[in-house]
Each structure stands twice: as C-alpha cells, then as structure tokens.
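Below: the structure, in structure tokens.
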Amino acid sequence: MGAQQRVFKQKIRSTSSLRKIFKAMELIAASRIQKAIARSQSAGPYANALTRAVSAVASESNVDHVLTTEPESVTRAAVLVIGPDRGFAGAYSANLLREAEELNRLLRGEGKDVALFTVGGKAQNYYTFRDRAIEQAWTGISEMPTPENAREIGQALLQSFNAESAQNGVDEIYIVFTKFVSSVKHDPEYRRLLPLEVVDADEVATGGASAPAKDAATFPLYEFEPSAEAVLDSLLPRYIDSRILSALLSASASEQASRQAAMHTATENADDLIKTYTRLANTARQAEITQELTEIVGGADALAASSAGD
C-alpha cells in the first residue's frame, strides 16, 4: 500500500473515532435537555407565588428598605456570570462572555468598579487568564444546579451587598446568564437583581426580562406581621435565591441545547470528512494501480523490443 493511501486510511480511522465521541455527546446532551427543562418548569409555581408576595409587599407598603431603595451614589457593582464548566458547546461560552464584557464596559463607563462572581470553569478561566480579580467562583454545578447551590450563591451576593464600601461591599448586583427560549434559540442577557426590580411572575419562572408587575389589582390582601419591613427581610433573600436558581436552570438547558447542536454539526462534518478521505484514498489507489500497469506494459514493451533486436 502506498504512502498516500496509508495517510488517508489513518485519517479515516481517526475521524471515525472522533465521530463516535461526537455522536455520544450529542445523545447525552439531548437526554439532559428534557431533564433541565422539566426542572426549570417544576420550579415555576414556587417562583410565581414568591414573586407575587414580594411584589405585594414592595408595591402595597411604604417601607424604606435597603434592598428596594436606590442608593444615592453607586460606586461598586457585583456581576455574577453564569457560564458552563465544559466546552464542546459551540459559541455558547463566547456569546455569554461577550454579553458579560458589554455589561462590564457599561458599568465602568458609568464610573463604577466591578466585582466579579463566576459560575462555571469557563468563566473563571476566562477572567483568570486576563488577570481579572474574581471575588468568588463556583464550579461543577452548571449542568445540574440545585437549590442549595442557588442559596449559597445568593448568600454570598447578599453578604457583599450588605457590607460597607470600606469592606469591599457593593451597591448593585447584576446577573449574566443565557435565557433558554427553545432548543434552537437561547440568548445571553443580563439583569439587575438588587436593588430590587419587581418582575412579572410568569417572566421570572421562565427567566424572562425584568418588568414592573402588570396586575397589581389582582394581588390578594396581605396583612404584614410583625411588620412589612420584617416580611421583606424574610422574603427578599428567598426571592434572590429563586431568581438565581431560575437563571441557573435556564443556563443549564441552554448549555445542553448548544452542546447538542454543536455535536450534531460536528458529527455531520466528520461524515463529510470521512467521505472526502475515502474518495481521496480511492483516487490514490487508482493512481497507483495505473502507474503499476504502465510500468508493467512499459517493461513488457522494452523486453519485446530487446528480444526483436537480438
């Protein structure tokens, strides 16, 4: 077998091995998408009820609470970037980090310092490689986030929010994540968590955009005991946790959908490469056979001519 054929055969074998990996990753991602969507939907009723309760307290009471009051001056903002732990998801990480950088530029343009918090190894590596300080990072939770993970992140952000400026406290908290719309559409976006922007319950359940509560007239009548401020103290941390969990679950579904699409494309590209290498190997084999036949015929002609001369 000629050198060219050996090269093409080796490429076919290596590409076939990669194709098996791509196909397996595609199937795994496809199975995890449905689980991620189901988990996001199951968290919806709690997020709806909690959002309505917080909206009622914030809208129907005149409490001057630190979590709902705009600060006079904002000097430092926390940005939580929710990214993946693994790659092989196409442009998912790049699009998310581009959105995070856009928010960072916007905040710095307003004269605010940015305190970075990250979820996922990709976001952490991105900022570490660029020598950007990270206040706190969480890894290994992007694909299967739990309420405990959301609570831990929420507590860290609230602790930083409640701290004084001299102790590296922050005046605002933003979250950057990828909103899952469908298996073929998932958009990176950022939202402000604190000071509180009350959002519509249905939009919170699906990780939607922040907007004023639309149906305040339908709120049930609440009696706040011992006080509306005490109720806010109790409800708002849970509200933040539910927002973070919703973003984590939406990002998880988006990651799996992106990985499935990327691995499907990689599998198709591998099939095309295998066909191309097979065609080139066959062409090289035909060329070698033609060359061998030409040499045989040429040798026979030379032998015949030599015999006739004798």
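What residue, among those in region 165-204 that are in contact with a Gly (Cβ under 8 Å, 6 or more places away or on another chain) and outside any strand (DSSP E or B), is modelled with the highest pLDDT? Going through the qualifying residues, I end up with VAL199.
Of all the residues in region 105-142, those that are crowded, with 18+ Cβ neighbours inside 10 Å, out of contact with any Lys or Arg (no Cβ under 7 Å at 6 or more places or on another chain) and in a loop (DSSP other than H, G, I, E, B) number 3. For region 1-26, the set of residues classified as surrounded by 13 or more Cβ atoms within 10 Å (Cβ to Cβ), among the basic types (Lys, Arg) and over 18 Å from GLU288 (Cα atoms) consists of LYS11, ARG19, LYS23, listed by residue number. Is it the case, given these coordinates, that ALA94 is open to solvent by 30 Å² or more (accessible area, probe 1.4 Å), over 20 Å from GLN256 (Cα atoms) and out of contact with any helix residue (DSSP H, G or I) (no Cβ under 6 Å at 6 or more places or on another chain)? Spelling it out, it is not the case that ALA94 is open to solvent by 30 Å² or more (accessible area, probe 1.4 Å), over 20 Å from GLN256 (Cα atoms) and out of contact with any helix residue (DSSP H, G or I) (no Cβ under 6 Å at 6 or more places or on another chain).
Within region 99-111, is there a residue that is free of Cβ contacts under 8 Å to residues at least 40 places away in the same chain and under 30 Å from PHE22 (Cβ atoms)? So far as region 99-111 goes, yes, one or more of its residues are free of Cβ contacts under 8 Å to residues at least 40 places away in the same chain and under 30 Å from PHE22 (Cβ atoms). For region 249-266, the condition holds for no residue, the condition being that it is surrounded by 23 or more Cβ atoms within 10 Å (Cβ to Cβ), β-branched (Val, Ile, Thr) and at pLDDT 80 or above.
Every residue, every condition in (1) under 18 Å from the mean Cα position of the chain (by Cα); (2) farther than 12 Å from VAL79 by Cα, yes or no:
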{"residue": "LYS112", "(1), (2)": "no, no"}
{"residue": "LEU116", "(1), (2)": "yes, no"}
{"residue": "VAL119", "(1), (2)": "yes, no"}
{"residue": "ARG130", "(1), (2)": "no, yes"}
{"residue": "TRP138", "(1), (2)": "yes, yes"}
{"residue": "ARG151", "(1), (2)": "no, yes"}
{"residue": "ASN168", "(1), (2)": "no, yes"}
{"residue": "ILE173", "(1), (2)": "no, no"}
{"residue": "HIS186", "(1), (2)": "yes, yes"}
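For region 100-117, the condition of being β-branched (Val, Ile, Thr) and in contact with a Gly (Cβ under 8 Å, 6 or more places away or on another chain) holds for none of the residues. Residue count for region 12-36 under the criterion of being more than 21 Å from the chain's Cα centre (by Cα) and in contact (Cβ under 8 Å) with a residue 12 or more places away in the chain: the result is 5.
The values are calculated or read from the model by the stated rules, or taken from the named source; none is laboratory data. These numbers were taken from a predicted model, which means no experiment stands behind them. Please note: Cβ atoms are built from the backbone with ideal geometry, for glycine as well, and neighbour counts cover all protein chains shown. Each accessible area value is taken on the protein alone, full model and side chains, heavy atoms only, with ligands, DNA and RNA left out. Shrake-Rupley method; radii C 1.70, N 1.55, O 1.52, S 1.80 Å.
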